[in-house]
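Notes follow the structure.
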Amino acid sequence: MRSVLRHVRILHSLGPANNDHLSAIRVAISVAVPSLLLLLSGRPELIIYAVFGALTGMYGRSEPHQLRLRHQLQAALVLLSGVGVGVFLSVNQLHSWWLVGIEALLAGAGSIYSDKVRLKPNGPFFGILALGACASVPTVVPWYVALLISAGSAGFSLLVGFGGWVRRRAWNTGAVRETVRLRGRLRRQAIIHAARYTVAVGAAGTIGVITGSGHSHWAMAAAAVPLAGADLPSSVHRGIHRITGTLLGLVVVAVVLLPGPSAPLQFFPGAEAAVLAVLVMVFQFTTELFMARHYGLAMISFTPVILLMTQLAAPADPHVLIAERGIETVVGAVTGILVVVFIRSRRSPVPSASAAGRP
């Protein structure tokens, strides 16, 4: 009983604050500027590409400027790879089993790369998310335009992340961002960890395709979440946070998208796209504000970010969108937890690469 109560307390506890507002402001600026430019250009449906590029700003939050720059460059490679592959699948109309197979394989490859360079947030989650989301919406511009929007947004995030150096001019000449040489035992553990990603993402996507879901990529992304935990308890906690945070976030989405007397969109006739775009920017700020301290709280905001920019890119019945998001999240998170339980190694795949903390 005492152990159960301890886990319950951990699920509800906030992590220590660490200048979270500064990181949230950097990410908010990184998302807001390119998104506003697209909104003013009359192309809100392209904001999805800008947001995934701007997520580069989520990495290296507490590192010295030159190390943050390198960290974010490594993260940008993961994010832009996900966007690029997703756009390729969309342009060539490769969905269903193609998406499941390719995303599962790249999840494993992304896991090895993320462990090697020690990405924080841990793992290839955001690359997987970008791949599935971009593959699931029609590409209404030439593929290179979509990729350039994402790359330009990532480049702007790099400038924002490095911008503080102009004010402080603090340069740690001896600072080095270490990577890990995956040899011997570490290589074996990294391969096992990558296999977890491949199995979890592939299994969740397979369930989504078989059940006829139109958004199986959400299940695949959710399946990757528990795998970033440092151990079994933290993996289960992350899965629970993913489910509860998403379900609460869907309540927010319902208030925004579903018609009713309290729906905010009814007060802005003809400007629905602008309202949704602004809400994406606001919710991304609150997502980053809590991401390092409580994953569940962060998901309450991140869920509207994903659904609202998906709605901007490919409008759909909000009832279906909300229902499928909830179902696919539960399926994916449970699948990820089961994979962690049944495919285990004695140690973390790479020392401190999957440390607890930022999801």
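Restricting attention to segment 169-193 and to residues that are over 24 Å from Leu232 (Cα atoms) and touching a helix residue (DSSP H, G or I) at 6+ places or on another chain (Cβ under 6 Å), the residue that is modelled with the highest pLDDT turns out to be Thr179. Starting from segment 199-219, take each residue that is modelled with pLDDT of 95 or more and hydroxyl-bearing (Ser, Thr, Tyr) and list its partners that are crowded, with 21+ Cβ neighbours inside 10 Å and in a helix (DSSP H, G or I), counting only C-beta distances under 8 angstrom and pairs at least six apart or across chains. Sorted first by the residue in segment 199-219, then by its partner, the pairs are Thr206/Val100. Does Ala24 meet the test of being at pLDDT below 95, within 26 Å of Gly127 (Cβ to Cβ) and in contact with an Asp or Glu (Cβ under 6 Å, 6 or more places away or on another chain)? For Ala24, the condition - at pLDDT below 95, within 26 Å of Gly127 (Cβ to Cβ) and in contact with an Asp or Glu (Cβ under 6 Å, 6 or more places away or on another chain) - is met. Selection over segment 94-153 of residues that are farther than 24 Å from Arg183 by Cβ, in a loop (DSSP other than H, G, I, E, B) and touching a Ser or Thr at 6+ places or on another chain (Cβ under 7 Å) gives a count of 3.
For segment 82-96, the set of residues classified as surrounded by fewer than 17 Cβ atoms within 10 Å (Cβ to Cβ) and modelled with pLDDT of 95 or more consists of Val91, Asn92, listed by residue number.
The values are calculated or read from the model by the stated rules, or taken from the named source; none is laboratory data. Values in this document were obtained by computation on a predicted structure and should not be read as measured data. Here Cβ is always computed from backbone atoms with ideal geometry, including for glycine, and neighbour counts include all displayed protein chains.
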